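One structure is given here, and the rest of the page talks about it.
Values quoted throughout were computed directly from the atomic coordinates according to the rules given, and no laboratory measurement underlies them. Just so you know, these numbers come straight off a predicted model, no measurement behind them. Here the Cβ is made from the backbone with ideal geometry for all residues, glycine too, and neighbour counts use every protein chain on show.
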Amino acid sequence: MKHLSIRWRLSLWYAAALAVILIGFCLTLLLLIRHQLLARTDAALREELQELRLEVQLAKSEEELQEHLLARFFHHDIYDFVVSDERATVLFASSGLTNDQAASLVPKSMNDTWQFDSRILVKDQDYRVASTSVDGLRGYVAVQAMTSLQPLYDELRELQILMLVLLPLSILVALCVGHFLAARALAPVEQIVRVAEAITITDLDRRIEVLNPHDELGHLAMTLNSLIARLERAVDEIQRFTADASHELRTPLAILRSEAESALRRPRTSEEYEQTLTVVVEEAVRLGSLADQLLSLSRHDAGITEIRHDPIFVDALLQDVVDKLQPSAETRGIALTSSHRESCELRGDDIRLSQVFFNVVDNAIKYTTSGGVVDITCHILERCAVIAVRDTGIGIPPEHLVRVFDRFYRVDSSRHSLTGGAGLGLAICRTAVLAHSGEIHIQSEVGVGTTVTIRLPVVSSQKSNEIRPTNFTDTESVGTRSTVFCEVIRPGKFN
């Protein structure tokens, strides 16, 4: 059965179900017809027996009784009759019965109830016998009428033969009709298969036609279309990622080659060589940073990133980030503050979370003009640490908010040379936050500023502005990715 196609399996199941129904119907019909035929036979025997009782009751003498019985009941084509007294003496038997047969029919007791039963009498044939008693010349007299059941059996046998012939034909017709209907019902599946097989990596824009979106096949077609759409987006993302990565890698490599070729064209002073080597080192560092970022993202995509589960105090981690970026903020004339921080503990990777906070705060400093403010807060809400980084910077246009988490995406590519970013910072932040079962989203208004909000589940919390030292005693790492239970509410932010 498993090796058959769905069409044939449906056809066979349909034929089997119909066969069970037809067999049950035929058996029920045979029982009903047999019951009706017996009831009709009993009704006819009752009529004949009523006449026999009447003759016994009206007889004035035994001679008159015998004369009337011989005249009316001795010869009969269908029925036979027996009359006996209380001493089990046969008073009358029709011509179709021998004395022994008539004697075997005499009832053992007399009663005026009507009894119907089947017996084997002549040539091993079944007879239907109706018996009752009546008050006669010798007291109670038993009267009996009988008829052969062979005509009834013949009718039932003809019906059985008819059923045995029609039943296989009906099942065969049902199998053919079921195969035809299954083919019609599964025709859209064949169409879906043909279209799905024809779709290749070069034409992922094709879609399966949905004939009826309300039935199961329509739902299947829409599901496959959704799958193809997701695959198309994934392929586009991979192609764009490859192109962007190639472009980002080509720029520092081109600079390295240009500087090296320029230094080799003619002899130069030690100062010129030193300047050239400085540029080479800067571009090498930039190239190495880009390679590290690409490796981090690719490891996350492959699901091989190890997530540590060390105890971390978020307020202490934020203070460490503030201390590192305070000189950069002061150089730009920006006030880096931490107006409110509640002490809380969570389990995670301190290095990756520190990188997340560093990237977000560093972005806020880069895109805030001199005299602006970058404020960091941390408070507890519904067993989550809510870290908000607010700045009074230039803001992000609404059309860019939905894409700032995309890899290599920059709101203004002209700022790339100034900020030095490759557009991977926020993509790395999002993957790290999701790996810690958290969420990250952004609100921004052009000319007013931007707020980045990060939510992370905590283990314990203590409402206090006091900074507690981070404890790194648990060095055990886990080789599987954490399950993400928080949804990214608003994707988007600057890089």
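Values computed for the structure shown
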| quantity | calculated |
| --- | --- |
| Segment Val20-Leu162, length gained on full extension (0.36 nm per residue, minus Cα span) | 49.4 nm |
| Under 18 Å from Lys366, Cα to Cα: aspartates and glutamates that are on another chain or at least 8 residues apart | Asp323, Glu330, Asp375, Asp391, Asp412, Glu445 |
| Label-point separation in nm, Thr369 to Thr337, each point 7 Å along Cα→Cβ | 2.0 nm |
| Virtual spin-label span in nm between Glu62 and Lys108, 7 Å along Cα→Cβ | 2.7 nm |
| Cα gyration tensor category, rounded, prolate or oblate, for the stretch 356-410 with a/c compared to 1.5 | oblate |
| Asp320-Ala284 FRET efficiency (beta carbon distance; Förster radius 30 Å; 0.05 resolution) | 0.60 |
| Residue-span extension gain [Ala185 to Glu261] - 0.36 nm each, minus C-alpha spacing | 20.3 nm |
| Per-q log10 I(q)/I(0), the stretch 169-269, q = 0.13 Å⁻¹ (Debye; single scatterer per alpha-carbon; no solvent) | -0.70 |
| Least to most buried among Asp100, Asp236, Asp406 (fewest other Cβ within 10 Å first) | Asp100, Asp236, Asp406 |
| Projected area averaged over orientations for the stretch 216-301, convex hull of C-alpha atoms, nm² | 7.0 nm² |
| Estimated FRET transfer efficiency (Ala39, His3; beta-carbon r; R0 45 Å; 0.05) | 0.30 |
| Cross-link reach list, aspartates and glutamates versus Lys108, counting only Cα pairs under 20 Å and skipping chain neighbours closer than eight places | Asp80, Asp85, Glu86, Asp100, Asp117, Asp135 |
| Amide N of the stretch 95-124 lying under 13 Å from the label point, which is placed 7 angstrom from the Cα of Arg46 along Cα→Cβ | 114-116 |
| Neighbourhood net charge (11 Å Cβ-Cβ; Lys/Arg +1, Asp/Glu -1) for Val129 | -2 |
| Efficiency of FRET from Cβ geometry, Val173 and His75, R₀ 60 Å, rounded to 0.05 | 0.70 |
| The stretch 4-73: translational diffusion in µm²/s, Stokes-Einstein, Kirkwood Rh over Cα pairs, 25 °C, 0.890 mPa s | 146 µm²/s |
